[in-house]
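In what follows, a structure is listed as structure tokens, so that the remarks can point back to it.
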Amino acid sequence: MHGYDEPVYLISVVAKALNIHPQTLRQYEREGLITPSRTNGKIRLYSQRDIDRINLILRLTRELGVNLAGVDIILQLKDQIDSFEEEIDDLRLKLAKLSKQGVVPAENSLVSKKSVYEIILFGK
């Protein structure tokens, strides 16, 4: 069994499995939507993570009618959200460890700061 991130699938296998033309996969790569691994001979190899990302792209374009520029923005936002969720999980774990100790040191405490907005009105 291969790992989720292990690049093992050739472009022809992925195209056939997803019922798309290999040129579509090349276009997604040119657009920066996917980045398959490459062998020393420059052969594209896709991981299961790549295939799942391609499936998401296909759902966005086919079912929701999103163009590739929109897909790019959605994928960037999704990646950013995933990163934030990982950071939140790490912070929760750290907080739980500190809470078990009974005291949270000042340098590790979480402080919420409210934003201040200034409104400037110009007269006629």
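The values are calculated or read from the model by the stated rules, or taken from the named source; none is laboratory data. None of these values were measured; they are calculated from a predicted model. Here Cβ is always computed from backbone atoms with ideal geometry, including for glycine, and neighbour counts include all displayed protein chains.
Checking Val103 against (1) aliphatic (A, V, I, L, M); (2) assigned to a helix (DSSP H, G or I); (3) at pLDDT below 90, which test does it fail?
It is condition (2) that Val103 fails.
Does Glu31 satisfy being surrounded by fewer than 16 Cβ atoms within 10 Å (Cβ to Cβ), acidic (Asp, Glu) and touching a Leu at 6+ places or on another chain (Cβ under 7 Å)? First the steps, then the outcome.
Numbers: surrounded by fewer than 16 Cβ atoms within 10 Å (Cβ to Cβ): yes; acidic (Asp, Glu): yes; touching a Leu at 6+ places or on another chain (Cβ under 7 Å): yes.
So Glu31 fits the description; yes.
Taking the condition out of contact with any His (no Cβ under 7 Å at 6 or more places or on another chain) and surrounded by 14 or more Cβ atoms within 10 Å (Cβ to Cβ), does Ile74 pass?
On the way: out of contact with any His (no Cβ under 7 Å at 6 or more places or on another chain): yes; surrounded by 14 or more Cβ atoms within 10 Å (Cβ to Cβ): yes.
When the stated conditions are applied, Ile74 passes them.
Looking at region 34-69, which of the residues that are basic (Lys, Arg) and within 19 Å of the chain's Cα centre (by Cα) is surrounded by the most Cβ atoms within 10 Å (Cβ to Cβ)? Talk me through it step by step, then tell me what you get.
Start the filter on region 34-69 by keeping residues that are basic (Lys, Arg), which leaves 38, 42, 44, 49, 53, 59, 62.
Retained after the next criterion (residues that are within 19 Å of the chain's Cα centre (by Cα)): 49, 53, 59.
Values: Arg49: 14, Arg53: 19, Arg59: 12.
Among them, the one singled out is Arg53.
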